[in-house]
Amino acid sequence: MTEHRLACQTDGIRLDKFLAEADIGISRSAAVGLIEIGAVSVNGAPRGKKYKLTRGDTVLVNIPDPVPYEAKAENIPLDIVFEDRDLLVVNKPKGMVVHPAAGNYEGTLVNALLYHCGDSLSGINGVLRPGIVHRIDKDTSGLLIVAKNDAAHKHLAAQIKAHSFTREYEAVVFGNLKDDSGTVDAPIGRHPVDRKKMCVTQKNSKQAVTHYQVIARYQGYTHIRCILETGRTHQIRVHMAYLGHPVAGDPVYGVRSEKVSFAGQCLHARKIGFIHPSTGEYLEFSSELPTYFEEFLFRLRNITG
């Protein structure tokens, strides 16, 4: 159990909001949970989540140690594009979570990899993320690379850090982009209010650069290619929403006034390229647009006529 003793410097702030904004690594919902189980006290007395603090109050928080969880192997079919003793390139389907987390402990890519690879996965990211060098969102389809050993993992991670990885996506975005090509160079950080979202912000953010090119234009939508120079969480989704052209069907950053209904975002990791950690050879792999993407384009062509 980890204990935090915090001093309130503001009058009138709610207890749950105070905890979420404190530098102790918990969300507002997690703060509410701790308050409800009696793990939080103010000046030695338990208080509710709506309790208004006063400057000088002492807040004591006891955060329980996480319960160890070991991901389990599951016999889930994988679309493996390339595999050798060092790594795999996997074509992840839309709807599959990459690694286990709260609410998704089964049916993930990691569960499938453990069945396929056994103990032959990098352990750098721990028991919940074995072999995972980078990730793509649940509702994003396409290519990602998996490391089978720690040496390969470190080599690949260094390429990502140096921005030498090739990562090319295709997406359909809402609206008609003004320019045929462009670059979004805008830092991305955690949203100040909704901690599950990211946003373009100058506060506690990291540089994020996305290059885009128009592939085709339709009535109310644009089909684009995106090349990532950096790899921030939700980068393409955040950057396109920042331009006013969110990814079609995006349930988090999208718009409700879309003309064509779509379940989940239309975003596919089309191409990946990297230097092989053992051979030094540059490898590049591509995947065809999945059925859901092609069907959406077909519907847009019909609307356009």
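The values are calculated or read from the model by the stated rules, or taken from the named source; none is laboratory data. As the structure is a prediction and not an experimental result, all values here were calculated from the model. So basically every Cβ, Gly included, is an ideal-geometry build from the backbone, and we count neighbours across all protein chains shown. Heads up: the accessible areas ignore ligands, DNA and RNA and are worked out on the full protein's heavy atoms, side chains in. Shrake-Rupley method; radii C 1.70, N 1.55, O 1.52, S 1.80 Å.
Conditions tested, residue by residue: (1) in a loop (DSSP other than H, G, I, E, B); (2) hydrophobic (A, V, I, L, M, F, W, C).
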| residue | (1), (2) |
| --- | --- |
| 156 | no, yes |
| 163 | yes, no |
| 173 | no, yes |
| 178 | yes, no |
| 189 | no, no |
| 217 | no, no |
| 227 | no, yes |
### Task
Determine, yes or no, whether residue 53 is at pLDDT 95 or above and surrounded by 15 or more Cβ atoms within 10 Å (Cβ to Cβ).
yes
### Task
Starting from residues that are at pLDDT 95 or above and of a type in the set (Gly, Ala, Ser), keep the ones in segment 249-296 and report whichever is surrounded by the fewest Cβ atoms within 10 Å (Cβ to Cβ).
280
### Query
So residue 200 clears everything in (1) more than 30 Å from residue 18 (Cα to Cα); (2) among the hydrophobic types (A, V, I, L, M, F, W, C); (3) in contact with a Phe, Trp or Tyr (Cβ under 6 Å, 6 or more places away or on another chain) except one condition, right? Which one?
(1)
### Task
Would you confirm whether any residue within segment 132-152 is assigned to a strand (DSSP E or B), polar (S, T, N, Q), touching a Gly at 6+ places or on another chain (Cβ under 6 Å) and over 16 Å from residue 253 (Cβ atoms)?
no
### Task
Any residue in segment 226-254 that's at positive phi: show its pairings with residues that are open to solvent by 10 Å² or more (accessible area, probe 1.4 Å) and in a strand (DSSP E or B) at Cβ separation under 7 Å, as long as the two are six or more apart or on different chains.
234/198
### Task
Output the number of residues of segment 30-50 satisfying the condition of being in contact (Cβ under 8 Å) with a residue 12 or more places away in the chain, in a loop (DSSP other than H, G, I, E, B) and farther than 17 Å from residue 5 by Cβ.
3
### Message
Being among the charged types (D, E, K, R), out of contact with any helix residue (DSSP H, G or I) (no Cβ under 7 Å at 6 or more places or on another chain) and either open to solvent by less than 40 Å² (accessible area, probe 1.4 Å) or closer than 30 Å to residue 297 by Cβ (or both) is the filter here; which residues of segment 138-169 pass it?
### Response
138, 139, 167, 168
### Message
Being open to solvent by less than 60 Å² (accessible area, probe 1.4 Å) and on the phi > 0 side of the Ramachandran plot narrows it down to one residue among 103, 95, 123; which is it?
### Response
95
### Top-ranked residue of segment 96-125 - restricted to ones that are among the aliphatic types (A, V, I, L, M) and in a loop (DSSP other than H, G, I, E, B), ranked as farthest from residue 72 (Cα to Cα)
124
